[in-house]
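A quick write-up on the structure given underneath.
Derivation of every value follows stated rules applied to the coordinates shown; laboratory data play no part. Bear in mind the structure is a predicted one, so any value in this text is a computation, not a measurement. Heads up, the Cβs are rebuilt from the backbone with ideal geometry, glycines too, and the neighbour counts pull from every protein chain shown.
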């Protein structure tokens, strides 16, 4: 067992999780939080320290979906006998919040990213990675998982002040109201804003494409070189370094989850996320002449009128249609797969 010892409250435990732990954990079991997930192996931390862990066969057999398996940030019931090399994970407590996406490729399966997060830091580079459409995908994912989003624009040292302001204006013009922090890992500008936004006992998660500076930011927040980073390319594009999901406890008491860069960010059957992040389009649709308006070429379409008048950007509406279509298609694929499995 590891040498780290701390109160569960310092790991984010509160009365909500305690109530569920009393219902789910046996008297002889301990409560622990999943700190590392790496290729099916876990490191969990209780008030007694860190220990490697594996899910029990009984728990594995009772699990019907991969999203029910423990992920970084989860609270679990576990036991650890002195004769065992690994602790045994018996139960995953209910999640207060989560981040998940559609698995890469054509599959309609869901993949858990992290659980029990208070704030998601969505990291995009000002130099090569900036993409409002992808940013909207992250915002939909955050809303669906009941996580507060904060946008971090990195590599500000590679663009002019006017260019940075133009990027921020572009975000605002899309109707995005999430807080934006401009950051340079080279000059340190914006770093204090990130630090001051983090509270002890709360859990934060960094997401974004490979090479946008997530690992460098974590090293600066920790004040060390815990995470390996690589030199950026000639274009200013970083190189992927993170290969596992890991939760860190920062010196000021905040908890921070690092995740590997995501090449794909598919969404699956989201409802609230679409409505909340595209509420302007949803409100316009309610004003259409016909309740079943397809917003294509119908007379009296309030959405098309708003685009024509410049009140709604065509690109935003096109991204909305793309995300909505993708969500409905993946929902249909997942439902069809479920019916096949039940039939089998």
Treat each spin label as a single point 7 Å out from the Cα along the C-beta direction, and report the residue 178 to residue 324 distance in nm.
2.1 nm
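If each residue of separation counts as 0.36 nm, what is the full-extension length gain between residue 305 and residue 244 once their alpha-carbon separation is subtracted?
On the way: separation 61, 0.36 × 61 = 21.96 nm, distance 4.71 nm.
Roughly 17.2 nm would be gained on extension.
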Spacing of the two label points (7 Å from each Cα toward its C-beta) at residue 187 and residue 22, in nm
5.3 nm
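Would you please put 129-138, 289-298, 33-42 in order of how densely packed they are, using the mean number of other Cβ atoms within 10 angstrom per residue and starting with the highest? Intermediate results must be reported in sequence, preceding the final value.
Numbers: 129-138: 19.6, 289-298: 11.0, 33-42: 17.7.
Result, highest mean first: 129-138, 33-42, 289-298.
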Rounded FRET efficiency, nearest 0.05, which uses the C-beta distance separating residue 291 from residue 160 and R0 of 56 Å:
0.70
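Could you tell me which of rounded, prolate or oblate describes the stretch 8-92, using a ≥ b ≥ c as the square roots of the eigenvalues of the alpha-carbon gyration tensor, with rounded for a/c under 1.5 and, failing that, prolate when a/b is larger than b/c and oblate otherwise? Please report the intermediate quantities before stating the final value.
Numbers: a/c = 1.31, a/b = 1.15, b/c = 1.14.
It is rounded, given that a/c, with a ≥ b ≥ c, falls under 1.5.
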How much length is gained on full extension from residue 251 to residue 65, taking 0.36 nm per residue of separation minus their Cα-Cα distance?
63.4 nm
Using the beta-carbon distance between residue 57 and residue 202 and R0 = 30 Å, what value does 1/(1 + (r/R0)^6) give for FRET efficiency, to the nearest 0.05?
0.30
